[in-house]
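Here's the structure we're looking at; comments come further down.
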Amino acid sequence: MRITQGFCPKCGAPAENGELCGRCRLKDTVWVEVAPRVECIICPTCGSVRTANIWSDVAVDKDELGQSLVTSVIKYHKDVRDIKTEISIVDTSSNRSLATVRVSGTLYGIPLEETHDVNIVWARVQCDRCCRIAGSYYEGVIQVRAEGRRPTPFELRRAGEIAYQVEDQVQEAGDRLSFVSDIDETKDGTDIVFSSQAIGAAIANDICGALGGSFTTHPKLIGEKDGVRLYRVTYSLRLPRFSRGDIIKHGKEYFKIMRQSKNTLFVFDLLNGQSRAFREVESDKLLGNIRETEKGIVIYRDADLFGIINEKTGANEEMAERPWLDAKEGDTLLFVRDEDVLILAGRDADQTDLETITLEDTE
């Protein structure tokens with residue numbers, strides 16, 4: 001009994017404890033399996049990849065993706081050690097590639113090496129999102145209008161920017177089917193067409209948060225799917241009577257609107273330069289907007305007055321100076337009129353480009 005303990009009972013080769021030697025164990029063991037074919041489904045429009053019926057927008061280099069695909073079809077025996085894998089890929093046509101796979105490792109103390117070919121099929125299938133976009137799919141529209149006026153170019157552009165910002169946010173969060181289908185400017189404002197109720201509500205709320213105003217929703221039943229009623233929703237969004245940058249007369253005082261929330265105006269006091277907030281009232285009077293003021297060049301300063309030359313008419317005029325603005329001869333001042341009174345609104349060189357203010361600045 002002791003004589004045969006160190007030998008393989010099958011072939012007689014030396015073996016520990018009289019068990020099968022490594023070579024005999026290998027005869028009945030598959031140490032590596034490599035599938036001869038792997039398929040990758042890619043959207044030809046946006047480049048997204050489908051894995052297990054789930055589309056992913058992660059951008060991956062084709063060679064890197066091929067390496068990952070081939071690696072996924074290589075299966076090693078659980079006892080293989082010192083594994084090494086080399087993969088080289090050559091395109092054989094526009095939708096086919098050939099991968100040469102060299103695998104090596106050690107199993108039961110015996111070094112092993114094999115070479116396999118894997119055909120990669122690049123299937124082109126339009127993804128669910130691109131199918132919806134191509135089919136002009138939508139679930140609602142946000143009608144951006146303004147109370148008693150047409151929205152300003154700044155407001156129209158800002159509403160569009162907010163819509164695409166929200167689209168980026170929801171898609172980064174993984175909601176691929178929420179997108180802006182179209183933005184169409186009309187004679188009364190702009191219509192933002194969206195693909196899901198979630199993104200529609202988010203866009204409407206963010207526009208009101210940035211530009212003021214409010215909205216109401218008007219759902220319309222369009223059908224039923226799997227027992228669930230389907231609706232298209234129109235968001236009727238109304239911006240306030242005044243817009244950012246408007247110069248108004250509130251009571252007997254003058255203010256520049258910096259931002260607003262519902263009926264509350266956050267303003268710059270054109271008398272003392274302080275920030276204030278108050279509720280809009282019907283008697284508030286619009287005098288103009290900071291982007292469309294008259295301009296005058298300072299020619300003298302006398303006591304509490306600026307003497308200016310109106311850039312457009314060439315007339316000499318006077319306006320009251322204000323403690324929040326230190327102007328000198330040669331400066332260009334911005335002003336609006338309240339009948340015969342000139343209201344100082346700022347200095348041309350200091351004027352902030354309100355159109356570049358981001359959504360974060362308005363919240």
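What follows is calculated from the coordinates using simple rules that are stated; it is not laboratory data. Fair warning: this is a prediction, and the values are worked out from it, not measured in the lab. All Cβ positions, even for glycine, are placed from backbone atoms using ideal geometry, and neighbour counts span all protein chains on display.
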ask   = Scaled to the compact-protein estimate 2.2 N^0.38 Å, what is the alpha-carbon radius of gyration of the stretch 31-128, rounded to two decimal places?
value = 1.22
inquiry  = I'd like the Kirkwood hydrodynamic radius of the chain, using the inverse of the mean 1/r over distinct C-alpha pairs, in Å.
reply    = 27.4
ask   = Taking R0 as 30 Å, what's the FRET efficiency between Glu113 and Thr92 from their Cβ-Cβ distance, rounded to 0.05?
value = 0.75
key: Extended-chain gain in nm, criterion 0.36 nm per residue less alpha-carbon gap, Thr29 and Glu318   = 94.0 nm
key: Charged-residue dipole, Cβ positions (Lys, Arg, Asp, Glu), the chain about Cα centre, Debye nearest 20   = 1840
inquiry  = Report, in listed order, any pair from Lys62/Lys84; Lys27/Lys84; Lys187/Lys225; Lys187/Lys220; Lys187/Lys256 with a Cα-Cα distance greater than 30 Å.
reply    = Lys187/Lys225
inquiry  = At 0.36 nm per residue, and after removing the present C-alpha to C-alpha distance, how many nm does the segment from Asp82 to Glu311 gain when stretched out fully?
reply    = 74.1 nm
ask   = From the square roots a ≥ b ≥ c of the eigenvalues of the alpha-carbon gyration tensor of the stretch 246-362, which class results: rounded (a/c under 1.5), prolate (a/b over b/c), or oblate?
value = prolate
ask   = Kirkwood hydrodynamic radius of the stretch 208-277 from all distinct Cα pairs, in Å?
value = 14.6
note = Rounded to two decimals, the Rg over Rh value of the stretch 171-236 from Cα coordinates and the Kirkwood Rh reads 1.00
key: DSSP bridge pairs, the stretch 136-239: antiparallel proportion in percent, nearest 5   = 75
note = So, with points 7 Å from each Cα along the Cβ direction, the Asp226-Val60 label distance in nm works out to 2.7
key: DSSP-defined beta bridges in the chain - what % are antiparallel, rounded to 5   = 90
ask   = Arranged from highest to lowest average of other beta-carbon atoms within 10 Å per residue, in what order do the peptides 190-199, 97-106 appear?
value = 190-199, 97-106
ask   = Which of the peptides 162-170, 334-342 is most tightly packed, and how do the rest follow, going by the mean number of other Cβ atoms within 10 Å of each residue?
value = 162-170, 334-342
remark   = Comparing Glu329, Glu294, Glu321 in a Gaussian network model of the chain (Cα, 10 Å), the one with the largest mean-square fluctuation is Glu329
message = Angle check, please: helix 197-211 long axis (alpha carbons) against the longest principal axis of the chain (alpha carbons), in degrees 0 to 90, nearest 10.
response = 30
